[in-house]
1. List the strands (runs of 3 or more DSSP E) that sit entirely inside the range 3-69 and contain at least 1 residues that are at pLDDT 95 or above and touching a Lys or Arg at 6+ places or on another chain (Cβ under 7 Å).
2. Among the residues of the range 233-246, is any within 19 Å of the chain's Cα centre (by Cα) and at positive phi?
3. Identify all residues within the range 248-272 that are at negative phi, modelled with pLDDT under 90 and surrounded by fewer than 20 Cβ atoms within 10 Å (Cβ to Cβ); write none if there are none.
4. Of the residues in the range 284-307, how many are surrounded by fewer than 16 Cβ atoms within 10 Å (Cβ to Cβ) and closer than 16 Å to Leu323 by Cβ?
5. What is the residue count in the range 133-160 for residues that are within 16 Å of Leu225 (Cα to Cα) and modelled with pLDDT of 90 or more?
6. Show the residue pairs that are 6+ apart or on different chains and have beta-carbon atoms under 6 Å apart, the first residue being within the range 157-175 and more than 17 Å from Gly199 (Cα to Cα), the second being within 8 Å of ligand 1 (Cβ to nearest atom).
7. What about Glu51, is it more than 21 Å from Thr209 (Cβ to Cβ), charged (D, E, K, R) and in contact with a helix residue (DSSP H, G or I) (Cβ under 9 Å, 6 or more places away or on another chain)?
8. Go through the residues of the range 201-209 one by one and say whether even a single one is more than 14 Å from ligand 2 (Cβ to nearest atom), aliphatic (A, V, I, L, M), under 27 Å from His135 (Cα atoms) and in a loop (DSSP other than H, G, I, E, B).
Amino acid sequence: MAVAHDDPIGMTSGATATSRYDVAVVEPDPRYRMRLGTQLAGAAQFESIEELVQHLRPGRPVVAVFGPSVAVPLGFQQVQRLVAAYPELGAVFAVAEVSAPVLQAALRAGARDTVAAGDAATMVQAVARVGDLLHDSTASRVPAVVESRANPGRLTVVFSTKGGVGKSTIAINIAVAMARRTDERVALVDADLHFGDIGVLLGIPPQTTITDAAASIQFADAEMLGTMLTRHESGVYVLPAPAEAVLGIALPPEELVGVCSALQSFCGQVIVDTPTAFDDSILALLEAADEILLVGGMDIPSVKNLKIGMQALDLAAIAGPKLHLVLNRANTQVKLDVREIEQVLGLRAEFPIPSDIAVPISVNAGQPVVAQDPKSPATRAMEHIAVTLLGADVAASSKKRRGRKQQ
Ligand SMILES: Nc1ncnc2c1ncn2[C@@H]1O[C@H](COP(=O)(O)OP(=O)(O)OP(=O)(O)O)[C@@H](O)[C@H]1O
Ligand SMILES: [Mg+2]
């Protein structure tokens, strides 16, 4: 039985529904259903998932709130199938008590949020957030089901000992450039917990973030982590940093590395943007990396900083051949020349990127420069990095194959 829907689509526009999306409550128990319906004033109410399905309109976003009676194994399974079949549906579970197993089951089912049924304010907020997200056509979720890879994907860490040198710009653009060239999944992780801006730069709402992924890493598998990623229109799967920084909070090394290696189990390439401050977690990440892009600028403080940082971290020993120097704004008219920098750092400037007005223009347009301005000098330089890293992947896997043959 559907309650309170007298319009042809079966979903009424009330306080919680908007012209941009519908809101529905699914709960077999009439008492719970009424209560949820009151909390989400104006939501259409359905007794069962089957009944909801009869009223879904293709292409029209709907936030479906599943009540406590649906939060059982069979209910989670049905919701998982529903979410996979209707990408425009955002599932929210309203449960009697939010516990780790319930959270895990809901995430596996592809739910976008889980809230306590009694907490009306949080529920309304969750519905609004999910509704806005559904409406945002630039971002959509990864289907709940992801296939695991035979070999782990490659982990590339974009790192510097100096702030503001272009780490995030480079991480975003090489991820987008890679996604255009490979059929494999490319993930982009923002490990800058405090000032991470990848979500903002790509216009992705930080609905599930690296802290959520880290919090569930003990019990998360690839499938579950897949539901936490947001797909950018470029095809890159993004794990952003939280929108509101909690100062002083750091991810333990095992959680940061754990999230990345779980992503490697189903993504061909994992690119990580890092904060400037380095700690045990970043060191562990650098150790785990297959490739490290060490980003420096063409100014004396930047080079001095890189030199000191490299010595302090003993980076050459940790990183060895996987360390690649990226000199950003390498055409800048300053007294330093590239050869001098190479000598000071003891590293070849493998990837120079010119200073390019197309970069800030693309930031203002909310687009990565490789997508916005394919012919710009900065695009060409960053595409070269992406192609080289993808090539390194091909070389590494054929080496592995050769190695196996020779055994
Ligand atoms: N090659 C380039 N040409 C022109 N502008 C650039 C270039 N690379 C980066 N920028 C600009 O420099 C600024 C800093 O870049 P970005 O945010 O990527 O640095 P970051 O190292 O991630 O900084 P933070 O340490 O704050 O995280 C941005 O405004 C960006 O648009
Ligand atoms: Mg940054």
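1. Result: 22-26, 44-46.
2. Yes, some residue in the range 233-246 is within 19 Å of the chain's Cα centre (by Cα) and at positive phi.
3. Correct list: Ile249, Ala250.
4. Qualifying residue count for the region: 1.
5. 2
6. Ser160/Lys167; Ser160/Val295; Gly163/Thr276; Val165/Val295; Val165/Asn328
7. Against the criterion (more than 21 Å from Thr209 (Cβ to Cβ), charged (D, E, K, R) and in contact with a helix residue (DSSP H, G or I) (Cβ under 9 Å, 6 or more places away or on another chain)), Glu51 does not qualify.
8. Taking every residue of the range 201-209 in turn, at least one turns out to be more than 14 Å from ligand 2 (Cβ to nearest atom), aliphatic (A, V, I, L, M), under 27 Å from His135 (Cα atoms) and in a loop (DSSP other than H, G, I, E, B).
The values are calculated or read from the model by the stated rules, or taken from the named source; none is laboratory data. The shown structure was predicted, so the numbers you read here are calculated from the model rather than taken from an experiment. As a convention, Cβ positions derive from the backbone with ideal geometry for all residues, glycine included, and neighbour counts pool all protein chains shown.
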